[in-house]
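Working notes for the structure below.
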Protein chains: 2
Amino acid sequence: MYNFNFQVATKVLFGEGQIKHLGEEIAKYTDKVLLVYGGGSIKRNGIYDSAVEQLKKHKVKVFELSNVDPNPRIESVREGVAICKENSIGGVLAIGGGSSIDCSKVISAGVKYDGDPWDLVVDKSLVKDSIPVFTVLTLAATGSEMNGNAVISNMETNEKIGTYGRCLIPKLSVLDPTYTFSVPARHTAAGTADIISHTFENYFTNVDGGYLQSRMAEAILKTCFHYGPIAYNDPTNYDARANLMWASSWAINGLISAGSANNWSVHPMEHELSAFYDVTHGEGLAILTPHWMRHILSDDTVSKFVEYGVNVWGIDSSLDRFDIANMAIDKTEEFFTKELHIPATLRELNLTNKDFDKMAKKAVQVKGGSIQGFVELHAEDVKKIYEMSL
Amino acid sequence: MYNFNFQVATKVLFGEGQIKHLGEEIAKYTDKVLLVYGGGSIKRNGIYDSAVEQLKKHKVKVFELSNVDPNPRIESVREGVAICKENSIGGVLAIGGGSSIDCSKVISAGVKYDGDPWDLVVDKSLVKDSIPVFTVLTLAATGSEMNGNAVISNMETNEKIGTYGRCLIPKLSVLDPTYTFSVPARHTAAGTADIISHTFENYFTNVDGGYLQSRMAEAILKTCFHYGPIAYNDPTNYDARANLMWASSWAINGLISAGSANNWSVHPMEHELSAFYDVTHGEGLAILTPHWMRHILSDDTVSKFVEYGVNVWGIDSSLDRFDIANMAIDKTEEFFTKELHIPATLRELNLTNKDFDKMAKKAVQVKGGSIQGFVELHAEDVKKIYEMSL
């Protein structure tokens, strides 16, 4: 186990109706807030009205930035920063999923930065200060509600890049599972796949000794495998929505990566799918993951797959090691395709192989020449995995 | 799942050598600190010198309160408060296990309180403000390094009472597993039993829907069952010490109790053993726990024991439910007695049954007439469990 620092100071208000504390909590920090959201769904389902009512009650003046894209764009960030600077706004409140939250985070740092906020995306060392970020979560997926990560897209340059800052960790997150009751089945599936993938990226590690972290990761995986299909089929099941929401936060807030190398594999490959084709992130991850697993399965890695298969899927530990590994991979693929009804192939998302060369090179180039994950991946590995996924 | 708030802002510096950051971190808060510790072991093993060197380097003046008892007493708290008030000290640094940390917490609140600090123990609603608490942990057990709880004893009144304050959560905790290498086997065992008991108290709950929390609890239990004996037999095994240390923090920082009722059973019973006989807390818990389990096993509770037996001990789920439950309880008892070599009976700790009546009445009286835990326990239940444990 490597040395690590752990600190997640986010105040989480979890459960139905917790938005009633939003105004009093935000008023502790500022009397002017930028409200950031995507489309009109939060107006239709009443969350917008509840939030604004609470803020007004506590004399917090609301400015707005709407129409944030599912893959949030740097143009939205620039617009938000301008509004904040013009009006001396002291905090950013995201209502939505990872898109609105990630956009809000980079806005919050952009307010304290003199240059173009794209600089903060390209070079996270420039993220030094920010105004406070608050969130009201409406989708269980990215975990952005409880960490300092943000992913922003630049469609001009076909780039989708992640940045990070400790100051970007939200001060407050309202997690009301009922706010995800109206999430369509397809996005429930994609969000669940995203949580699972975050967990895999941390679980499949070469760093020994993080036993507690591995068992915690298995706890999150079991929760997703148990409740993902329930939420898919029964969207107003409170326990399913609550467990998926809370799992989303813990998959990627530092708990299960503590002491490990934190070198991810599937996300860098998927980012190119989203950057080139605007693929839904969780669907891209679900399609790539089983093929990534098959591609890297070897004598060196089989023991980790056995651990996964036995502990998470309950496969008989006395079977042949490679049989266990392959069964675990098959079960993972079947879960995505048969339980969550995510397409099994990139072809079903209307992709062809025409950009695979370029995408594979880009995926490794962003990482300095190769993806130094659980198993090192070069451009030819990535291309192979794209082809297996087609 | 009930609604809950979760916030644990402690900055954890985890790993060998992390004490090198102690001075710079504490200097952010204050230039005068009260150093609180127990016996002389931290002087013998060099931790005291390392800490003082770091503090001096960052110009933090050190005052001292030593000889804190294993069950920290209100007299030590009073003494610490007096030193802090006299010298306008701005922070309390505990070096030790739960005893020094708990003592430091109530000192930190006592500094901001006008009356006798025992008031803060008896009535936690009075804990409203404090000076910052910092910790350097030398024993994996109580989890006090990452929560707002403190237990203080008053030997005059035979009372051992827990208090709580959000302001008591340490601002900084240095968790260096090598600092526990010198913990004697007996205390390693007792500390591991304490972590396990904290986890059980949260795991055995009547509140449905905390699926993720239950799986997280199982992760902690598996970690203790795996590494407890390794640390016992091989005290300088880094991974064993590291995993137990990190497990201690997560067993009782709010993660696995979130959304649950948080009504404990075995701790209130054990507190009377410690209050009357100064029994080592973890040993008392280990002895009582299997008998508590047997006493409450019924048609109403068997399913939780099956969950425990199947998920944690890997017992075949197709067996009879009560057989699974009894096997799980037996395995728990065998773990404590055969793997951790903790005495199986109170008799071995030189207790007799002479005070059982008084102790049982006290245990329920503190809780308002009965222990409203996983199963409600009246004085006669507690007495029965003491007798089974004798």
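For region B:1-54, residues that are among the hydrophobic types (A, V, I, L, M, F, W, C) and without any contact (Cβ under 8 Å) to a residue 60 or more places away in the chain total 2.
Every condition in (1) surrounded by 19 or more Cβ atoms within 10 Å (Cβ to Cβ); (2) part of a loop (DSSP other than H, G, I, E, B) is met by residue B:270 except one, and the failing one is (2). In region B:1-108, counting only strands (runs of 3 or more DSSP E) that sit wholly within it, the ones holding 3 or more residues that are open to solvent by 30 Å² or more (accessible area, probe 1.4 Å) span B:4-14, B:61-65. Taken over region A:157-181, residues that are at pLDDT 95 or above, among the small types (Gly, Ala, Ser) and surrounded by fewer than 24 Cβ atoms within 10 Å (Cβ to Cβ) amount to 1. Annotation: residue A:386 fulfils all but one of (1) open to solvent by less than 20 Å² (accessible area, probe 1.4 Å); (2) of a type outside the set (S, T, N, Q); (3) free of Cβ contacts under 8 Å to residues at least 60 places away in the same chain; the unmet one is (3). Tell me, yes or no, whether region A:230-253 has at least one residue that is modelled with pLDDT under 95 and open to solvent by 20 Å² or more (accessible area, probe 1.4 Å). Checked against the condition, which is being modelled with pLDDT under 95 and open to solvent by 20 Å² or more (accessible area, probe 1.4 Å), region A:230-253 yields no hits at all.
Within region A:120-156, being closer than 26 Å to residue A:186 by Cβ, open to solvent by 20 Å² or more (accessible area, probe 1.4 Å), outside any strand (DSSP E or B) and of a type outside the set (A, V, I, L, M, F, W, C) holds for A:138, A:142.
Among the residues of region B:48-83, which ones are of a type in the set (Ser, Thr, Tyr) and within 22 Å of residue B:31 (Cα to Cα)? Selection gives B:48, B:50, B:66. Residues that are in contact with a Lys or Arg (Cβ under 9 Å, 6 or more places away or on another chain) and not in a helix (DSSP H, G or I) within region A:109-119 comprise A:111, A:112, A:113, A:116, A:117, listed in sequence order. A search for C-beta distances below 6 Å between a residue of region A:296-325 that is over 20 Å from residue A:222 (Cα atoms) and without any contact (Cβ under 8 Å) to a residue 40 or more places away in the chain and any residue that is open to solvent by 50 Å² or more (accessible area, probe 1.4 Å) and of a type in the set (D, E, K, R), counting only pairs 6+ apart in sequence or on different chains, returns A:302/A:321.
You will find that of A:271, A:295, the residue that is more than 14 Å from chain B (Cβ to nearest Cβ) and more than 15 Å from the chain's Cα centre (by Cα) is A:295 and no other. Go through region A:8-18 and report how many residues are modelled with pLDDT under 95 and at the interface with chain B (Cβ under 7 Å from one of its Cβ atoms). Total satisfying the criteria: 1.
The values are calculated or read from the model by the stated rules, or taken from the named source; none is laboratory data. The structure displayed is predicted, hence computed values, not measured ones. All Cβ positions, even for glycine, are placed from backbone atoms using ideal geometry, and neighbour counts span all protein chains on display. Remember, those area values only see protein heavy atoms, side chains included, never the ligands or the DNA or RNA. Shrake-Rupley method; radii C 1.70, N 1.55, O 1.52, S 1.80 Å.
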